[in-house]
Amino acid sequence: MCLKDTVRTQAFREAIQRVVRPGDVVVDAGAGTGILSFFAAEAGAGRVLAVEIDPLLAARLRTSIERNGLASTITVVEGDIREVSLPPGVDVVIAEIIETGLMDELQADAIATLFASGVIASHTTVIPASYTTCLDLVSVNDIYYGFSIAAPKHEWPFYNDPGSHWHATPVSSLTDRVAAADITFHDRIAAAVDTTVVLTGLRDGLANGIRVSGRLHLTDEIELGATNALNGDKIIDLNVPIAVHAGQSIPLRVRYRLGGGLGSFVATPANASESLALPLVPHR
């Protein structure tokens with residue numbers, strides 16, 4: 001899907017062309033098909049280390065490298081990015097191990113490991129540069145085939161394509177969308193997020209979900225929201241729906257763990273005395 005997602009892939013190509021300089025040593029963390037490694041070689045990298053944990057993908061990537069005459073530039077390193085041996089102080093790290101909110105993938109853990117091992121040094125440029133997680137309260141139609149479904153909703157953009165035969169999920173935003181976390185990949189990353197956000201009602205309605213969305217900053221100039229294979233919105237069911245009124249301020253304490261999955265996400269009233277009026281999403 002990532003290879004076929006033209007918006008995602010072309011944005012990464014542009015970012016790589018802007019960042020990689022002739023002769024650079026580049027690490028591609030989670031190389032997959034290898035397309036981002038190929039872009040790095042295209043941009044003039046002197047050496048690209050394509051790290052891939054899946055044996056089948058690693059084997060096919062070696063074949064692709066040979067087919068494209070890039071064996072002198074790109075080397076496949078088979079294994080977990082957190083465990084393989086890599087040279088210290090590389091010039092560029094490309095790490096697209098991203099899922100919405102950085103909860104369901106290993107991006108933060110991988111970056112932290114590369115810092116600890118010295119692969120990422122003070123001069124290293126990381127693509128993407130940072131990630132912003134956003135939240136808003138929504139009214140969502142959770143009826144599927146006649147049944148109310150409380151499972152998290154993964155809302156990829158292509159689900160709403162006309163004639164696609166995907167079930168469309170009507171979603172209406174009831175509050176503004178605010179940033180819950182700004183994670184910079186050029187710095188050491190704390191795995192736990194614990195913050196308070198204040199949402200403001202946009203219109204009257206009953207919120208039965210909290211939407212997690214994000215913005216991926218590849219460079220200072222290149223930014224990505226949700227694409228067909230990257231960073232699709234997630235909607236988490238609220239056990240206790242909340243009546244939202246236009247102009248109302250709704251403070252929430254938000255906690256989750258990077259790489260900890262959607263099950264680590266907890267939103268509780270910032271003021272415990274208001275626990276009956278605000279939504280509660282429990283840790284499971």
Log entry, pairs with first residue in the range 162-173 being within 11 Å of Val140 (Cα to Cα), second being at pLDDT 90 or above, beta carbons closer than 6 Å, six or more apart or on different chains, reads Thr169/Lys153; Pro170/Asn141; Val171/Val138; Val171/Val140; Ser172/Ser139; Ser173/Asp136; Ser173/Val138
For the range 1-37, which positions are more than 16 Å from Val119 (Cβ to Cβ), modelled with pLDDT of 95 or more, hydrophobic (A, V, I, L, M, F, W, C) and touching a Lys or Arg at 6+ places or on another chain (Cβ under 9 Å)? Ile35, Leu36
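Can you tell me how many residues within the range 119-158 are under 30 Å from Pro87 (Cα atoms) and either small (Gly, Ala, Ser) or within 15 Å of the chain's Cα centre (by Cα) (or both)?
The qualifying residues number 9.
Kindly provide the set of residues from the range 126-149 that are in a loop (DSSP other than H, G, I, E, B) and either exposed (fewer than 12 other Cβ atoms within 10 Å of the Cβ) or among the basic types (Lys, Arg) (or both), ordered by number.
Tyr145, Gly146
Hand me the list of helices (runs of 4 or more DSSP H) wholly inside the range 1-118 holding 2 or more residues that are under 19 Å from the mean Cα position of the chain (by Cα), buried (at least 22 other Cβ atoms within 10 Å of the Cβ) and touching a residue at least 24 places away in the same chain (Cβ under 8 Å).
Once the helices (runs of 4 or more DSSP H) in the range 1-118 are filtered for at least 2 residues that are under 19 Å from the mean Cα position of the chain (by Cα), buried (at least 22 other Cβ atoms within 10 Å of the Cβ) and touching a residue at least 24 places away in the same chain (Cβ under 8 Å), what remains is 6-19, 107-116.
Any residue that is within 21 Å of the chain's Cα centre (by Cα) and either touching a residue at least 40 places away in the same chain (Cβ under 8 Å) or buried (at least 20 other Cβ atoms within 10 Å of the Cβ) (or both) - is there at least one of those in the range 238-246? Before you say what the answer is, go through the steps one by one.
Filtering the range 238-246 down to residues within 21 Å of the chain's Cα centre (by Cα) leaves none.
Within the range 238-246 (the criterion being within 21 Å of the chain's Cα centre (by Cα) and either touching a residue at least 40 places away in the same chain (Cβ under 8 Å) or buried (at least 20 other Cβ atoms within 10 Å of the Cβ) (or both)), the answer is no, since none of the residues qualifies.
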So His123, is it surrounded by fewer than 12 Cβ atoms within 10 Å (Cβ to Cβ) and modelled with pLDDT of 95 or more: yes
Filter pass, Val193 being touching a strand residue (DSSP E or B) at 6+ places or on another chain (Cβ under 7 Å), outside the structural domain of Asp91 (by TED's automatic domain parsing) and touching a residue at least 24 places away in the same chain (Cβ under 8 Å): yes
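The values are calculated or read from the model by the stated rules, or taken from the named source; none is laboratory data. The shown structure was predicted, so the numbers you read here are calculated from the model rather than taken from an experiment. All Cβ positions, glycine included, derive from the backbone under ideal geometry; neighbour counts span all protein chains shown.
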